[in-house]
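K.L.:
What follows is a single structure, and I will ask about it in a moment.
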Amino acid sequence: MNAIIQMIQNLSGKDEKQLLQLKKQLGTSQDIIMSSVEVLPSFLQQIEPAKHTMGYVFLLLPMGALAKTDEVVTLFVRLSVQFLVVCNSQQIRLIPAKFRQLCDLLTTKAIKAGLALSIIKPLQSCIWKVAPGDQVTPQHACFARAVLKAKAYKYALPVLDKYVYEVNPEMTGLKGEDVRLYFYYGGMIYTGLKQFQKALEFFEMVVSAPAIVGSKIMSEAYKKYILVSLIHFGEVKSLPKYTNPTVLRLFKVIAKPYEVPYSLGRLNIPFIYRSSQLPMKLAP
């Protein structure tokens, strides 16, 4: 491990060739790092997260993934929170998949430990380090998930209210499910804030996204779309014509129990839903 730390210190800089060399060397050193998981916290103290960002990710990720005690999980969350605030954008853009894994793991561990609130600001701070502000990143989904679990809905607005329309999986490590989850969680947050029109727009983005087959996320978004549409309009609004008809038919079968609320909505009594907490209870 001492040799790995020395390598991280020597190759971490602005020279991209050296950083790519470091990335390759760290990739071939995974077995050594994994076998040293119990002493990784002490080795992390020997490198600077802002200067040695790439190496820090490669050490921090296995520490969190293999954490067996609450104490280690808490330490992992604390170190990750500090790291996200100061990490170097040039270096994380060279390891998008690893950085995605780290943020996803942090979100899962923090939520399970009851520390969701502590990761909201750090996740927000690193979103625009990963890619320009007009792009959806994996960190958008992590951020929205943490906000939803912490029920700190207003913290999400600076991100949710910023329109994002570009995707670049090669740059960000983005997957299709990241996009759907971001808009799904965002729709739930807007529902919690009673901004129902925006919630509908976000749920619509999930349901009408190009897809050959439906997914659980999409079917859940469709259910929420029905409920929020009833709350806001008193009836279920039609989805865009470009929504895949095969997928939509499947959703309607899955959402069969919602046919009764739909008929009630047509009687113009949405107040039933305004006084109900049902939409929020459906939060994942």
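The values are calculated or read from the model by the stated rules, or taken from the named source; none is laboratory data. Only a predicted model underlies this, so the values are computations on that prediction, with no experimental measurement involved. Glycine also receives a Cβ, built like all others from the backbone with ideal geometry; neighbour counts cover every protein chain displayed. Quick note on the areas: whole protein, heavy atoms, side chains included, nothing else; ligands and nucleic acids left out. Shrake-Rupley method; radii C 1.70, N 1.55, O 1.52, S 1.80 Å.
K.L.:
Once every Cα of segment 194-249 carries one equal point scatterer and solvent is ignored, give the base-10 log of I(q)/I(0) from the Debye formula at q = 0.23, 0.24 Å⁻¹, two decimals.
P.N.:
With one equal scatterer per Cα and no solvent, log10 I(q)/I(0) is -0.85, -0.92.
K.L.:
What does the helix-only formula give at 222 nm for the chain: each DSSP H stretch with n ≥ 4 adding -39500 (n - 2.57), the total divided by the residues, and the result rounded to the nearest 500 deg cm²/dmol? Before the final figure, lay out the partial values.
P.N.:
Values: 19 runs with 194 residues, N = 284.
The per-residue figure over the chain is -20000 deg cm²/dmol.
K.L.:
Also, I was wondering about something else. If you take every residue apart from Val130 with its C-beta less than 10 Å away from the C-beta of Val130, what net charge results, scoring Lys and Arg +1 and Asp and Glu -1? Could you put the intermediate results ahead of the total?
P.N.:
Numbers: positive: Arg93, Arg100, Lys129; negative: none.
Neighbourhood net charge equals +3.
K.L.:
Here's something else I'd like to know. If you line up the long axis of helix 196-207 against the longest principal axis of the chain, both from Cα atoms, how many degrees apart are they, to the nearest 10?
P.N.:
70
K.L.:
Whole-Hz ³J(HN,Hα) for each residue in segment 66-81, computed from phi via Karplus 6.51 cos²θ - 1.76 cosθ + 1.60 with θ = phi - 60°, x for glycine and proline: what do you get?
P.N.:
For segment 66-81, the Karplus-derived couplings read 9, 4, 10, 10, 4, 5, 5, 4, 4, 5, 4, 4, 5, 5, 5, 4 Hz, x marking Gly and Pro.
K.L.:
Next question, about the same structure. Specify the angular offset, from 0 to 90 degrees and rounded to the nearest 10, of the alpha carbon long axis of helix 53-65 from the longest principal axis of the alpha carbons in the chain.
P.N.:
Once rounded, one gets 70 degrees.
K.L.:
Using every pair of alpha-carbon atoms in the chain, split the distances into 5 Å bins beginning at 0 and state the percent of pairs per bin, rounded to integers.
P.N.:
The percentages, shortest bin first, are 1, 6, 12, 14, 16, 13, 11, 9, 7, 5, 3, 2, 1, 0, 0.
K.L.:
Just read off the accessible area of Met7 with the full protein assembly in place, 1.4 Å probe, to the nearest 10 Å².
P.N.:
Approximately 40 Å² of Met7 is accessible to the 1.4 Å probe.
K.L.:
Moving on to the next point. Roughly how many Å is it from the Cα centre of segment 142-216 to that of segment 90-127, as a whole number?
P.N.:
Segment 142-216 and segment 90-127 have Cα centres spaced 16 Å from each other.
K.L.:
Still on this structure: For the chain, what relative contact order do you get, as a whole percent, if you take Cα pairs closer than 8 Å and at least 6 residues apart? Could the numbers behind the result be given before it?
P.N.:
Working: 360 pairs, mean separation 32.2, N = 284.
Relative contact order, the chain: 11 percent.
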